[in-house]
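Heads up, the thing below is written out as structure tokens.
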Amino acid sequence: MIARIWHGVTAAETSEEYLDYLNETGVPDYRATEGNRGVYVLRRIEEDQAHFLTVSFWESMEKIEAFAGTDPEKARYYPDDGRFLTDFEPTVEHYEVVAEP
């Protein structure tokens, strides 16, 4: 299994609205892709910023490509992300899952 980790930053005051947006766009999109084994959204608020991590789990890199496209290292963004995110990190990270609950 492969974990795909994306990081984004919003203003703290819009973090609830962005979380709602994630739950309407990215989260269902992850879950609807064949080979997805789950997704977690993590948030940490530091002063005036909110950091988000999406950690999704996949059967293989081929399944990630079905979600992300031919360059699976490239971050995938949604049309209204620009309303919330303070910058657009170009890449994500992938890790092999070597222990599970």
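The values are calculated or read from the model by the stated rules, or taken from the named source; none is laboratory data. All of these numbers come straight from a predicted model, not from anything done at the bench. Cβ: placed from backbone, ideal geometry, glycine included. Neighbour counts: every protein chain shown.
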Checked PRO101, PRO28, PRO72 against criteria (part of a loop (DSSP other than H, G, I, E, B) and loosely packed, with under 15 Cβ neighbours inside 10 Å); the one match is PRO101
Restricting attention to segment 50-61, does a residue exist that is of a type in the set (A, V, I, L, M), outside any helix (DSSP H, G or I) and over 15 Å from the mean Cα position of the chain (by Cα)? no
Within segment 32-44, does at least one residue satisfy the condition of being on the phi > 0 side of the Ramachandran plot, part of a strand (DSSP E or B) and either surrounded by fewer than 15 Cβ atoms within 10 Å (Cβ to Cβ) or touching a strand residue (DSSP E or B) at 6+ places or on another chain (Cβ under 6 Å) (or both)? yes
In segment 1-25, which residues are outside any helix (DSSP H, G or I), among the polar types (S, T, N, Q) and touching a strand residue (DSSP E or B) at 6+ places or on another chain (Cβ under 7 Å)? THR10
Could you list all residues from segment 75-93 that are assigned to a loop (DSSP other than H, G, I, E, B) and touching a strand residue (DSSP E or B) at 6+ places or on another chain (Cβ under 9 Å)? ALA75, ARG76, TYR77, PHE84, THR86, ASP87, PHE88, GLU89, PRO90, VAL92
Cβ-Cβ under 6 Å pairs, at least 6 apart or on other chains, segment 62-75 side within 15 Å of GLU34 (Cα to Cα), far side modelled with pLDDT of 95 or more and of a type in the set (Ser, Thr, Tyr): ALA66/THR33; PHE67/THR33
Among the listed residues PHE52, PHE88, identify the single one that is at negative phi and touching a Ser or Thr at 6+ places or on another chain (Cβ under 8 Å). PHE52
Over segment 60-79, the set of residues modelled with pLDDT of 95 or more, closer than 17 Å to PRO28 by Cα and charged (D, E, K, R) is LYS63, GLU65
Are there any pairs, at least 6 apart or on different chains, whose C-beta atoms fall under 7 Å, with the first in segment 6-33 and under 22 Å from PRO72 (Cα atoms) and the second part of a helix (DSSP H, G or I) and not basic (Lys, Arg), and if so, which? TYR30/PHE67; THR33/ALA66; THR33/PHE67
